[in-house]
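The values are calculated or read from the model by the stated rules, or taken from the named source; none is laboratory data. Source: prediction; values computed, not measured. With ideal geometry, Cβ positions are generated from the backbone for all residues, glycine too; neighbour counts draw on all protein chains shown.
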Amino acid sequence: MSKIKNLHDVSALYFFFFAFLYIFMVLAFRNGLWADFFLSLMQILDMPFAFVSLMYGGTTLALQLDLEREEGVSPWVLVIFAGCLLLFSVVAFANFAFPAVF
């Protein structure tokens, strides 16, 4: 099995875990159930969720474009990786430069 496919499977598992966890935390926060706890947890888990989301999206794009070759890595995979890394650095900058105040 290919390396990109393995990374896609693992990142899909974590992506759906974080997505369902976030949905639960937002619903609990909006209904006032342990609001302070879930607010702090959402502020902690936003960067791992952004990383996993970009990893899942990047591997999905690489698999859809069928960019994996037997002799090595296609240059387009590196372009996708660089784009995901750039997007993650923008998200990290926005997260730390403009913190949410509640």
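Of these, Asp46, Asp36, which one is assigned to a helix (DSSP H, G or I) and in contact (Cβ under 8 Å) with a residue 12 or more places away in the chain?
On the way: Asp36 fails: in contact (Cβ under 8 Å) with a residue 12 or more places away in the chain.
On inspection, the qualifying residue turns out to be Asp46.
For the stretch 19-37, the set of residues classified as among the hydrophobic types (A, V, I, L, M, F, W, C) and more than 17 Å from Pro48 (Cα to Cα) consists of Leu27, Ala28, Phe29, Leu33, Trp34, Ala35, Phe37, listed by residue number.
Name the residues in the stretch 79-102 that are farther than 26 Å from Thr59 by Cβ and either touching a Leu at 6+ places or on another chain (Cβ under 7 Å) or small (Gly, Ala, Ser) (or both), would you? Within the stretch 79-102, Ala97, Ala100, Phe102 qualify.
Per-residue answers, yes or no, for (1) surrounded by 14 or more Cβ atoms within 10 Å (Cβ to Cβ); (2) among the aromatic types (Phe, Trp, Tyr); (3) under 21 Å from the mean Cα position of the chain (by Cα); (4) farther than 27 Å from Phe96 by Cβ:
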position: Lys3; (1), (2), (3), (4): no, no, yes, yes
position: Asn6; (1), (2), (3), (4): no, no, yes, yes
position: Phe15; (1), (2), (3), (4): yes, yes, yes, no
position: Phe18; (1), (2), (3), (4): yes, yes, yes, no
position: Leu21; (1), (2), (3), (4): yes, no, yes, no
position: Phe24; (1), (2), (3), (4): no, yes, yes, no
position: Asn31; (1), (2), (3), (4): no, no, no, yes
position: Trp34; (1), (2), (3), (4): no, yes, no, no
position: Leu41; (1), (2), (3), (4): yes, no, yes, no
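Among the residues of the stretch 49-73, those that are of a type in the set (S, T, N, Q) and either in contact with a Phe, Trp or Tyr (Cβ under 9 Å, 6 or more places away or on another chain) or in contact (Cβ under 8 Å) with a residue 12 or more places away in the chain (or both) comprise Ser53, Thr59, Thr60.
Check the stretch 69-86 and report whether any residue there is modelled with pLDDT of 90 or more and of a type in the set (S, T, N, Q).
No.
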